[in-house]
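Asker: Below is one structure. I have some questions about it.
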Protein chains: 2
Amino acid sequence: MNQLTGLILLAGSSPSDTNIHYLSGFTAPDSFLYMKTAKVSYLVVSAMEKGRAEKQSTPGTQVFTPADLGLKGKKAWDRVVQIRALMDVAKIRRIKVPSDFPAGVFQTLEKKGIKVSIERNTICPERKTKRSDELLKLKNSQKSAVAAMKAGIALIGSSKIGPKKRLFIGKEPLTSEKVRHLIHKTLIDHDCAGVETIVAGGDQGTDPHERGSGPLYAGQSIIIDIFPRSEKTGYWGDITRTVCRGEAAPELKTLYNAVKAAQAAALRAVQPGICADEIHILCKKIFEQRGFQTKEVDGKHVGFIHGTGHGVGLDIHELPRVGASGEILEAGNVITIEPGLYYPGLGGVRIEDTVVVTESGYRYLASCPKKFELL
Amino acid sequence: MNQLTGLILLAGSSPSDTNIHYLSGFTAPDSFLYMKTAKVSYLVVSAMEKGRAEKQSTPGTQVFTPADLGLKGKKAWDRVVQIRALMDVAKIRRIKVPSDFPAGVFQTLEKKGIKVSIERNTICPERKTKRSDELLKLKNSQKSAVAAMKAGIALIGSSKIGPKKRLFIGKEPLTSEKVRHLIHKTLIDHDCAGVETIVAGGDQGTDPHERGSGPLYAGQSIIIDIFPRSEKTGYWGDITRTVCRGEAAPELKTLYNAVKAAQAAALRAVQPGICADEIHILCKKIFEQRGFQTKEVDGKHVGFIHGTGHGVGLDIHELPRVGASGEILEAGNVITIEPGLYYPGLGGVRIEDTVVVTESGYRYLASCPKKFELL
């Protein structure tokens, strides 16, 4: 590489994939093209996918293969050529693409003289407000998450406390991996897949994205964060509980109670018309009032170091965000409320539920007990 | 939407995410920025992720938070602002982005006068040639796939044939879902996650991307395609077997034998220096010689309707492709060889193994018997 040139890569899930799922009803392991005009939706898929696309796509969607568009040979798979052919079929003169559309295709479209603009606004703002069939799907995923949470907590609760406070199941030390393993198996029993499930004890739990590994101990806070995706529907659930096998030190109990109080207050604040930021600010205030500061210690951020929540749907993180987004909650939004506190040396605590915003407040998608000490 | 405007969306997995994993060693659930110059790699992550990023990233990677770059407030999370700050830190004047870089960010970079070009070539061509540590990871994922395959086939083999040729386990009908369920649980026992596993019997199997659902029957071909991803390493495995509980009709056996012969011939052809297309053409020829035509029947494509294989690594589908790509195989490539034939009314057959190209030919990553009739 030229020494004066940097290669930039940007990581992160692409909302376009789930937007296509939402708009077209169709998903596929390989890349395909979707176009929507004021009146009609179009798909361009391989010949192999055509039958399934016709079956699964939203009624009225027109499904084409490149051959159906009159395209042959190597050019048949050129996205720019396909888009031009589709524009002819739909008799349209301009196209819009989302912000996360591939820059390479965008640049070629421009170079070929196709009138293309980038839509900077959210493509499917309607996704924020869930239909009743979506609520049912989300509820099912959340129920799976709760079942897996109960199984995981029961396993920790059933462990024996051995030498040096290590937890044991029979003669085997209990590890993060073993709890996660049981959680994932339970999710499969509920037709869901769990990936990156967090079971993080002690200082591991003070990094909110650390999955956790190795032995678990009595007296430490153990964060369990489960976010399953339904294999059938594609909708997610999301729940976090923090537990402690055996007695917790008074400071750790105080930490837990602060998070529990903040979560309860945040849930009570959920209602249509409220700015989501206010809920986040409320949690911050409660933590400050209780003396839990958010600051940098030895280069590490401690305290309340993440947002209060996010929307859940076909994406695990979607709109509306509950943080510094300025978004106003509306009935039918599905959001998590998940304040947390993280202090290396003491431990991490996070409590999270996924709720639907109702006309009068909120409703749990599925309920799950909150109990810290497993005595 | 304006009636003359079409919104275009493009579905498909983004290679950039796994390129960042490959180059930086770091992965995160939220979006982050990566830059590579001739000498140094840089990450821009949230304060919360900084510790983990420093721990997990390739030695020598410089990890920044927006605050480390002197960015504050809302602008701190603007990717364009971050990129400009990173360019200052690295003292570079030009950047390149991959083809799948978000068009929205690309356009803003251009508008702000940043010298940005799109790299149209593969970003990490070195990914095609696996290092020995990668081969070990791929082998482990493939072993998990084989274990799950054996479990799934054993379940089908142990079923009783009931009225109307339905398969039963005890008093319960055996379904695609039940076989998939056992496969997924077995994968979890091997620290892998299986998603979209295919267990498709009879005509369902004639659509190569149909996952399969409902009761399974004796005498039909059942395609089982398992592609697990290791939770720990991120590397994939990929295997397909086709089985038939009870006796298969002579035409179905002939179909199976044709695919088996094509796969064996294709595997024998694997060696460094061969153009991957030749292997695909070889399979086509064998099918034609045996009278299995690829054509369109009632608007549905039947016969050999997909490529012969693909590379496997941090992506389930990566380079080199074994189809019409013109790529020359090299020692250290890891590819699938998976010819298949699909005829509605008769059934679908696919046999797939994942192999590493060696100096003298190929080697299975993990071996698994190929047996059609489970009598």
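Asker: I'd like the FRET efficiency for A:A264 and A:T58, computed as 1/(1 + (r/R0)^6) with the beta carbon distance as r and R0 of 51 Å, rounded to 0.05.
Answerer: Approximately 0.80, to the nearest 0.05.
Asker: Take the rotation relating chain A to chain B, measure from its axis to every Cβ in chain A, and name the nearest residue with the distance in whole Å.
Answerer: A:A103, 2
Asker: Ok, one more. List A:M35, A:M87 from most exposed to least, where exposure is judged by having the fewest other Cβ atoms within 10 Å. List each step's numbers first, then the result.
Answerer: Values: A:M35 25, A:M87 21.
Least crowded to most crowded, the residues run A:M87, A:M35.
Asker: Okay, next question. What list of ³J(HN,Hα) couplings, whole Hz, do you get for region B:134-147 from phi and the Karplus terms 6.51, -1.76, 1.60, once you set θ to phi - 60° and write x for glycine and proline?
Answerer: Computed from phi, the couplings for region B:134-147 are 6, 4, 5, 5, 5, 4, 4, 5, 5, 4, 4, 4, 5, 4 Hz.
Asker: Under a Cβ-only charge scheme (Lys and Arg +1, Asp and Glu -1), can you give me the dipole magnitude of the protein assembly as shown about the Cα centre, in debye to the nearest 20?
Answerer: I would put it at about 100 debye.
Asker: With r defined as the distance between the Cβ atoms of B:I281 and A:K75 and R0 fixed at 22 Å, what FRET efficiency is calculated, to the nearest 0.05?
Answerer: 0.60
Asker: Arrange A:M149, A:M48 by Cβ neighbour counts within 10 Å, fewest through most, would you?
Answerer: On the way: A:M149 23, A:M48 19.
With the sparsest Cβ surroundings first, the list reads A:M48, A:M149.
Asker: Between A:E330 and B:E172, how many nm apart are label points set 7 Å from Cα along the C-beta direction?
Answerer: About 4.3 nm, to one decimal.
Asker: If the chain between A:T122 and A:E296 were fully stretched, how many nm would it gain, using 0.36 nm times the residue separation less the Cα-Cα distance? All intermediate terms of the calculation are to be shown ahead of the outcome.
Answerer: Details: separation 174, 0.36 × 174 = 62.64 nm, distance 3.40 nm.
The span from A:T122 to A:E296 would gain 59.2 nm if fully extended.
Asker: Let me ask something else. Once you order the gyration tensor axes a ≥ b ≥ c over the Cα atoms, which shape class does region B:198-343 get: rounded for a/c under 1.5, otherwise prolate or oblate by comparing a/b with b/c?
Answerer: oblate
Asker: Determine the dipole magnitude for chain B: charges of +1 sit on the beta-carbon of Lys and Arg, -1 on that of Asp and Glu, nothing else is charged, the reference point is the Cα centre, and the result goes in debye to the nearest 20.
Answerer: 600
Asker: So, one more: On a 0 to 90 degree scale, rounded to 10, what angle separates helix A:47-56 from the longest Cα axis of chain A?
Answerer: The angle comes out near 60 degrees.
Asker: Kindly identify region A:25-177 as rounded, prolate or oblate by the Cα gyration tensor criterion: order the square roots of the eigenvalues as a ≥ b ≥ c, call it rounded if a/c is under 1.5, otherwise compare a/b with b/c, prolate if a/b is larger, else oblate.
Answerer: Working: a/c = 2.81, a/b = 2.59, b/c = 1.08.
It is prolate, given that a/c is not under 1.5 and a/b is the larger ratio.
Asker: Compute the label-point distances linking A:L135 to its equivalents in the other copies; points lie 7 Å from Cα along Cα→Cβ; give nm, one decimal, shortest first.
Answerer: Listed shortest first, these distances are 5.7 nm.
Asker: Let me make sure I get this right: for region A:129-374, a, b and c are the square roots of the gyration tensor eigenvalues over alpha carbons, sorted descending. Under 1.5 in a/c it's rounded, otherwise prolate if a/b > b/c, else oblate. Which is it? Walk me through the numbers on the way to the answer.
Answerer: Details: a/c = 2.11, a/b = 1.23, b/c = 1.71.
Taking the square roots of the gyration eigenvalues as a ≥ b ≥ c, region A:129-374 is oblate.
Asker: Moving on. So which trypsin sites (Lys or Arg not before Pro) in region B:123-165 end up in coil per DSSP with only 12 or fewer other C-beta atoms within 10 Å?
Answerer: Counting only loop positions with at most 12 other Cβ atoms within 10 Å, the trypsin sites (Lys or Arg not before Pro) in region B:123-165 are B:R131.
Asker: Skipping prolines and chain starts, which residues have an amide H placed within reach, meaning under 5 Å, of the one on B:G6, given they are 5 or more residues away or on another chain?
Answerer: Counting only residues 5 or more places away or on other chains, the set is A:R94, A:I95, A:K96.
Asker: State the extension gain, in nm to one decimal, for the chain segment bounded by A:E251 and A:Q289, taking 0.36 nm per residue of separation less the distance between their alpha-carbons.
Answerer: 12.1 nm
Asker: If you average the sequence gap of Cα pairs under 8 Å that are 6 or more apart and divide by the length of region A:290-340, what percent do you get for the contact order?
Answerer: Over region A:290-340, the number comes to 34 percent.
Asker: Next up: I want the local charge near A:K72. Using Cβ-Cβ distances under 15 Å, sum +1 for each Lys or Arg and -1 for each Asp or Glu among the other residues. Provide the component values of the computation, followed by the final result.
Answerer: On the way: positive: A:K74, A:K75, A:R84; negative: A:D68, A:D78, B:E296.
Residues close to A:K72 contribute a combined charge of 0.
Asker: Quick one: which residues, 5 or more positions from A:H317 or on another chain, have an amide H under 5 Å from its amide H? H modelled 1.01 Å from N in the peptide plane, none for Pro or chain starts.
Answerer: Long-range HN contacts for A:H317: none found.
Asker: List the distances, in nm and shortest first, from the label point of B:Q271 to the matching label points in every other copy, placing each point 7 Å from Cα along the Cα-to-Cβ direction.
Answerer: Values, ascending and in nm: 7.8.
Asker: Could you work out, residue by residue across A:35-47, how many beta carbons of other chains sit within 10 Å of that residue's beta carbon, and then give the average as an integer?
Answerer: Per-residue shielding by partner chains comes out at 4.
Asker: On a 26 Å Cα-Cα criterion, which of the cross-link pairs A:K150/B:K150; B:K75/B:K111; A:K300/B:K74; A:K74/B:K300 come out too long? Intermediate results must be reported in sequence, preceding the final value.
Answerer: Values: A:K150/B:K150 31 Å; B:K75/B:K111 17 Å; A:K300/B:K74 21 Å; A:K74/B:K300 21 Å.
From A:K150/B:K150; B:K75/B:K111; A:K300/B:K74; A:K74/B:K300, over 26 Å: A:K150/B:K150.
Asker: Give a residue-ordered list of calculated ³J(HN,Hα) values for region A:294-301 (Karplus: 6.51 cos²θ - 1.76 cosθ + 1.60, θ = phi - 60°; whole Hz; x for Gly, Pro).
Answerer: Here the 3J(HN,Hα) series is 9, 7, 9, 10, 6, x, 10, 7 Hz.
Asker: So what J values fall out for region A:119-127 if you push phi through Karplus, 6.51 cos²θ - 1.76 cosθ + 1.60 with θ = phi - 60°, rounded to Hz, Gly and Pro as x?
Answerer: Per-residue couplings from phi come out as 7, 7, 7, 4, 6, 10, x, 5, 5 Hz.
Asker: Another one. Can you tell me, using C-alpha contacts under 8 Å and at least 6 residues apart, the relative contact order of chain B as a whole percent?
Answerer: After rounding, I find 14 percent.
Asker: Just to confirm the filter: which trypsin sites (Lys or Arg not before Pro) across region A:18-52 are DSSP coil and have at most 13 other Cβ within 10 angstrom of their Cβ? Intermediate results must be reported in sequence, preceding the final value.
Answerer: Working: sites: A:K36, A:K39, A:K50, A:R52; in loops: A:K39.
Qualifying residues, ordered by number: A:K39.
Asker: For region A:329-375, state which GluC sites (Glu not before Pro) are in a DSSP loop and have at most 10 other beta carbons lying within 10 Å of their beta carbon.
Answerer: Values: sites: A:E330, A:E352, A:E359, A:E373; in loops: A:E330, A:E359.
Sites meeting the loop and neighbour criteria: A:E359.
Asker: Among the lysines, which fall within straight-line cross-link reach of B:K39, defined as a Cα-Cα distance under 16 Å, with same-chain neighbours fewer than 8 residues apart omitted?
Answerer: Of all the lysines, those that pass the test against B:K39 - Cα under 16 Å, at least 8 places apart if same chain - are B:K91, B:K96.
Asker: Starting from the Kirkwood radius over alpha-carbon pairs of the protein assembly as shown, derive D by Stokes-Einstein at 4 °C in a medium of 1.567 mPa s and give it in µm² s⁻¹.
Answerer: Rounded, D is 47 µm²/s.
Asker: Can I ask one more? What whole number of Å gives the distance from the Cα centroid of region A:309-361 to the Cα centroid of region B:271-341?
Answerer: Between the Cα centre of region B:271-341 and that of region A:309-361, the gap is 46 Å.
Asker: A follow-up question, please. Using +1 on the beta carbon of Lys and Arg, -1 on that of Asp and Glu, and nothing else charged, what's the dipole of region B:15-123 about the Cα centre, debye to 20?
Answerer: Charge dipole, region B:15-123, about its Cα centre: 460 debye, nearest 20.
No lab work stands behind these numbers, since they all come straight from the coordinates. This structure is a prediction, so every number in the text was calculated from the model and none was measured. Virtual Cβ from ideal backbone geometry, glycine too; neighbours counted across all protein chains shown.
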